[in-house]
Amino acid sequence: MKLIVDTKQRYAKMRAHTAAHLLHAELVKIFPTTKQAGSFVDEDYLRFDFAADRALSVEELAQVQKNVNDLIYAALPVETTETSFDDAVKNGAKAFFEDKYGDVVRMVKVDQDISTELCGGTHAHNTKDIWCFVILSQEAVASGIKRISAVVGPKVYEQIVERDQLLENIAAKLGVWSKQVSDKIEKMLKEYETMKSSVESMETKLIADLLTRLESKSSEDIQKIVTIPSDVNFRKAVDQYKMLYPGYTILLATKEGNFALLGSITSSAKTIAAKLGLKWWGSDQLVQWRDSKVLELL
Ligand SMILES: [Zn+2]
């Protein structure tokens, strides 16, 4: 029987697997007590799960990526030896999960002391064969378990092309060259902030103007009872009315039954709401809720 091995596929998995060992070695520098919690190696793609009580910062991720690439460009030999389990552990090999290891184990070593793991997988013979390593993402997969996904070899090139295309698309939408995208977005955000605050101040003025023109009623417990149009920013209307009539007990409500009841120094809003049999939530100064019963008061 002849065993046919897809060489291209096999090299792609070797690159990813050795890169996973390098990534692991770098993660241990940041989380000395971390444990591998699983990994998945495919053609030029890898996912590595590890125990960590926090996520890596953007800077740490960039540093890990750089360090792994430095190890690749250092062209370090990767050696696989068979030895006894005890000797492997004496050599500082990382043994994973609650894996059962036989008497003879396979030890994969990158250079002298970069990485030593017990591992049955096939590996690149030299780190330079990985070509390049790019992190795609970091995510939380379970409580205390983080996952880093990355690509190596030709998939890095695909990644560059894809990101380039994305950037070009954004630039085209913004009508600038890709190098100007960041400046353009910053400028647009500033314009947006200016517009937002001018719309807000216009809205505040309009509401203030509207409130002075709205007719109010009063009752035994409340000095100002006002129906607010439903399309008015209710929160702003409450703030504005409070400023217009400081110290008054005020009830603002919409025809849908949304209401805000403002108390004064002498009258608690909670007490008035309870007396009127309204459902409410809030404090002595302000209670609010939605209760159709409030419509009887308008
Ligand atoms: Zn391995």
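Quick notes on this structure:
- C-alpha center-to-center spacing [segment 203-259, segment 16-33] in angstrom: 62
- Length gained when the stretch residue 51-residue 243 is fully extended (0.36 nm per residue, less Cα-Cα span): 63.7 nm
- Label zone (residue 160, point 7 Å along Cα-to-C-beta; backbone nitrogen cut-off 18 Å) within segment 118-141: 128-136.
- Cut-off 17 Å, label 7 Å out along Cα→Cβ of residue 8, residues of segment 108-152 by amide N: 152
- Between residue 104 and residue 182, the simple spin-label model (points 7 angstrom out along Cα→Cβ) gives 5.5 nm.
- Residues residue 170 and residue 149, FRET efficiency given R0 of 30 Å [Cβ-Cβ distance, rounded to 0.05]: 0.85
- Net lengthening on full extension, residue 141/residue 292 (0.36 nm per residue, minus Cα-Cα): 49.8 nm
- Computed from the Cβ-Cβ distance with R0 of 51 Å, the FRET efficiency linking residue 126 to residue 197 stands at 0.30.
- Dipole magnitude of the chain about its Cα centre (Cβ charges: Lys, Arg +1; Asp, Glu -1), debye to nearest 20: 820
- Dipole of segment 7-173, positive end: most advanced residue of 78, 102, 122 [Cβ charges, Cα centre]: 122
- Phi angles across segment 201-208 convert, under the Karplus curve 6.51 cos²θ - 1.76 cosθ + 1.60 with θ = phi - 60°, into 3J(HN,Hα) values of 6, 5, 4, 4, 5, 4, 5, 4 Hz, Gly and Pro given as x.
- Highest-fluctuation residue, 170, 148, 225 considered, GNM on the chain with Cα pairs under 10 Å: 225
- Tensor-based shape of segment 216-297 (alpha-carbon gyration tensor, a/c under 1.5 rounded, otherwise prolate or oblate): rounded
- Only the Cβ atoms of Lys and Arg (+1) and of Asp and Glu (-1) were treated as charged; on that basis the dipole of segment 7-173 about its Cα centre amounts to roughly 200 debye.
- Entry note, the chain: the mean residue ellipticity at 222 nm calculated from DSSP H runs of n ≥ 4, each adding -39500 (n - 2.57), is -13500 deg cm²/dmol after division by the residues and rounding to the nearest 500.
- In this label model, residue 33 and residue 230 are separated by 5.8 nm, measuring between points 7 Å along each Cα→Cβ vector.
- Derived scalar couplings between HN and Hα for segment 182-196 equal 4, 4, 5, 5, 4, 4, 5, 5, 5, 4, 4, 4, 4, 5, 4 Hz in order, rounded to whole Hz, by the Karplus curve 6.51 cos²θ - 1.76 cosθ + 1.60 (θ = phi - 60°), x for Gly and Pro.
- Note on exposure: 146, 90, 190 ranked by accessible area (1.4 Å probe, complete protein assembly) read 90, 190, 146, with the most exposed listed first.
- For residue 271, the accessible surface of its heavy atoms amounts to roughly 90 Å² (probe 1.4 Å, protein chains only, rounded to the nearest 10).
- From the alpha carbon centroid of segment 114-192 to that of segment 273-298 is 54 Å.
- Candidates 257, 201, 22 compared by Cα position along the dipole of the chain: farthest toward the positive end lies 257, with charges placed on Cβ.
- Surface calculation, 1.4 Å probe, protein heavy atoms: residue 54 sits at approximately 100 Å² accessible.
- Residue-wise HN-Hα couplings along segment 38-52, as the Karplus relation 6.51 cos²θ - 1.76 cosθ + 1.60 with θ = phi - 60° gives them from phi, are x, 8, 9, 10, 10, 5, 6, 9, 9, 10, 10, 9, 8, 7, 7 Hz; Gly and Pro carry x.
- Remark: relative contact order (the chain) = 12 percent; criterion is Cα-Cα distance under 8 angstrom and separation of 6 or more residues.
- In Å², nearest 10: area of residue 40 left accessible to a 1.4 Å probe: 90
The values are calculated or read from the model by the stated rules, or taken from the named source; none is laboratory data. As the structure is a prediction and not an experimental result, all values here were calculated from the model. Heads up, the Cβs are rebuilt from the backbone with ideal geometry, glycines too, and the neighbour counts pull from every protein chain shown. Areas reflect the complete protein model, heavy atoms only, side chains present, ligands, DNA and RNA absent. Shrake-Rupley method; radii C 1.70, N 1.55, O 1.52, S 1.80 Å.
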